[in-house]
Amino acid sequence: MPPDPAGREPSGELPLDSDLGAAADRPLHVRPAALALVALGGVVGTGVRAALTEAFPTAGFPWTVFVVNLVGSFALGALLEGLVRRGDDSGRRRTVRLLVGTGMIGGFTTYSAFALDAALLFRTGDAATAIAYLAATVLIGAVATWAGIVVASLHRAGSEGAR
């Protein structure tokens with residue numbers, strides 16, 4: 001059915017605001033509830049990371065940020081694998097993904113501190129450590145993500161076998 005030039009819905013009713021579709025028609029990234037979940041999780045994740053970097057300051061190799069990013073990579077791999085094995089990205093699974101995955105783990109991990117730490121290592125003349133830090137974070141981070149996926153898949157397979 002071609003669109004009605006007056007903006008009427010197929011039912012013949014005029015929409016509340018012809019420029020806006022129903023909330024379900026709007027992309028997830030612009031829905032207020034989704035944004036609130038990500039923001040709330042981000043506040044928590046960022047707070048935890050900030051507390052850890054304050055509690056465990058490092059000189060030379062930035063161990064705290066390195067470990068935070070590896071733990072976050074593992075956690076995100078495990079979380080997303082666990083969610084996808086339970087069904088489609090809707091309802092509670094979507095809420096958990098937005099709150100915990102995008103929000104908390106996204107706020108917990110840090111690309112900006114990673115980049116800043118590498119730049120500072122280069123600036124202070126420690127190029128070898130900077131390159132090792134960059135490479136180790138990316139490579140071990142990928143392995144940590146894969147390990148999280150494996151652990152979640154084994155956990156899910158084990159829990160299905162116990163039923």
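No value in this document is a laboratory result; all are computed from the given coordinates. Keep in mind that what you see is a predicted model, and the values were worked out from it rather than measured. With ideal geometry, Cβ positions are generated from the backbone for all residues, glycine too; neighbour counts draw on all protein chains shown.
Electrostatic tally near V84: other residues with Cβ closer than 11 Å to its Cβ, Lys and Arg +1, Asp and Glu -1, net +2. Taking label positions 7 Å along the Cα-Cβ direction at both D89 and W146, the computed distance is 2.3 nm, reported to one decimal. Summary of packing: across the peptides 66-72, 25-31, 46-52, the per-residue average of other C-beta atoms within 10 Å ranks them, highest first, as 66-72, 46-52, 25-31.
Summing charges over neighbours of V151, with a neighbour being any other residue whose Cβ is under 13 Å away from its Cβ, gives +1 when K and R count +1 and D and E count -1. Taking 0.36 nm per residue of separation and subtracting the current Cα-Cα distance, fully stretching the chain between L28 and A132 would add 33.7 nm. Potential lengthening of the chain between V48 and A157 amounts to 36.1 nm, from the contour at 0.36 nm per residue minus the alpha-carbon distance.
For segment 62-81, backbone nitrogen atoms closer than 17 Å to the point 7 Å from F122 Cα along Cα-to-C-beta are found at 62.
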